[in-house]
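Each value in this text was obtained by applying a stated rule to the coordinates, not by laboratory testing. Please read these numbers as outputs of a predicted model, since none were measured by experiment. Don't worry about glycine lacking a Cβ; one is built from the backbone with ideal geometry, like all the others, and counts go over all protein chains shown.
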Amino acid sequence: MDQMRIFTGNSNRPLAQEICQYLETSLGRANVQNFNDGEILVDIDESVRGMDVFVIQSTCTPGNTNLMELLIMIDALKRASANRITAVIPYYGYARQDRKVSPRAPITAKLVADLITAAGAHRVLTMDLHAGQIQGFFNIPVDHLFAAPVLLEYIRSRFRDHLVIVSPDSGGVERARAFGKRLKASLAIIDKRRDSPNVAKFMNIIGEVEGLQAVILDDIVDTAGTLVEAASALASNGAARVVACCTHPVLSGKAVKRLSESVIEEIAITNTIPLKQEAISNPKFKVLSVGKLLAEAIRRIHCNDSVSSLFV
């Protein structure tokens, strides 16, 4: 382990410190700040020559700044002769634009993958990508972790029976089905019609929810419009109680206020993104740590052990 170094930008330092604590090491010394005109300054303050280096950085809000910090840190480490650089991206931003949905739309998930590769990363470690095919956008190895072990433990501790796992849209059916199988729970799907970006309209619930405890499962909670409308639809169809489990708490705009006023009893989220101050003090939010999971994956990558066995 003396040949491994872990660095972080400013996006999620508490998570990076938690990972280092599990690995019984310290964060690498790096100065990441801004020039007066807003440009990012990175100074690696220790030797990394020949080292196996991991850069922990979520590309969450402010997304452009955190992405540039990641790219510049990778470039600095490459020019400092690091042997291998792994970009550890707990939350991979720009992932929702993963295909052309209109004639002149960009595919930002591919663009960001190209930028990370061009900067000098040798591999990527990320968690709960918005779409699994994003792994194929990279020409370097990608280790795709899932928050499932952490979320499953939470659900098992809160619910014993009469449980239904709910996918808020058709894209999350595979994830919900996998959870339902492990929990021996039924499955429900919400038929969603999106009228415009970040505005969702719910038409129908496929599956039985009456009298059951409904757990809405999603990878990202952004404006929370999807969760709130889904919860309302479930309650209207007789669900006994509604909770939500989401990996990435983007929580933009009035998301926290919407969730506070909704019928959702509790929202379990992970710490891939730092929780907003207004949500920290809100009793509806339950933060689950993925630090141990990421740390174990980092250890296995460094030791050339199997990462997939984490999910067996």
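Rounded to the nearest 5, what % of the DSSP beta bridges within the chain are antiparallel ones?
20 percent
When the chain is treated as a GNM, springs tying every alpha-carbon pair under 10 Å, which of GLU265, GLU229, GLU174 comes out with the largest mean-square fluctuation?
Fluctuation is largest for GLU174.
Take ILE206, project a point 7 Å from its Cα along the Cβ direction, then tell me which residues of the stretch 220-234 have their backbone nitrogen under 12 Å from it.
none
Give a residue-ordered list of calculated ³J(HN,Hα) values for the stretch 160-174 (Karplus: 6.51 cos²θ - 1.76 cosθ + 1.60, θ = phi - 60°; whole Hz; x for Gly, Pro).
Values per residue, Gly and Pro as x: 9, 8, 6, 10, 10, 8, 10, 8, x, 7, 5, x, x, 4, 4 Hz.
For the stretch 19-91, state which GluC sites (Glu not before Pro) are in a DSSP loop and have at most 14 other beta carbons lying within 10 Å of their beta carbon.
Of the GluC sites (Glu not before Pro), the ones in loops of the stretch 19-91 whose Cβ has at most 14 other Cβ atoms within 10 Å are GLU24, GLU39, GLU46.
Short version: ³J(HN,Hα) in whole Hz for each residue of the stretch 208-222, in order, from phi by Karplus 6.51 cos²θ - 1.76 cosθ + 1.60 (θ = phi - 60°), x for Gly and Pro, what are they?
9, 10, 4, x, 9, 8, 9, 10, 7, 10, 8, 8, 10, 10, 9
Which length gain, in nm to one decimal place, applies between ASP75 and SER308 when the Cα-Cα distance is subtracted from 0.36 nm times their residue separation? Walk me through the numbers before you get to the answer.
Values: separation 233, 0.36 × 233 = 83.88 nm, distance 2.86 nm.
Length gained, ASP75 through SER308: 81.0 nm.
Going down the list LYS110/LYS181; LYS78/LYS292; LYS254/LYS286; LYS100/LYS181; LYS184/LYS286; LYS181/LYS292, which pairs span over 29 Å between their C-alpha atoms? Mind dumping the intermediate values first?
On the way: LYS110/LYS181 32 Å; LYS78/LYS292 27 Å; LYS254/LYS286 18 Å; LYS100/LYS181 32 Å; LYS184/LYS286 23 Å; LYS181/LYS292 24 Å.
Pairs exceeding the cut-off: LYS110/LYS181; LYS100/LYS181.
Rounded to two decimals, what ratio of Rg to Rh does the chain give with C-alpha atoms and a Kirkwood Rh?
Details: Rg = 20.0 Å, Rh = 20.4 Å.
The Rg/Rh ratio comes out at 0.98.
Taking amide H positions as placed 1.01 Å from N in the peptide plane, with prolines and chain starts having none, which residues 5 or more places from ASN12, or on another chain, fall under 5 Å of its amide H?
SER58
Quick one: 3J(HN,Hα) in Hz for the stretch 297-305, Karplus 6.51/-1.76/1.60 with θ = phi - 60°, rounded, Gly and Pro as x.
Values per residue, Gly and Pro as x: 5, 4, 4, 5, 5, 4, 8, 6, 9 Hz.
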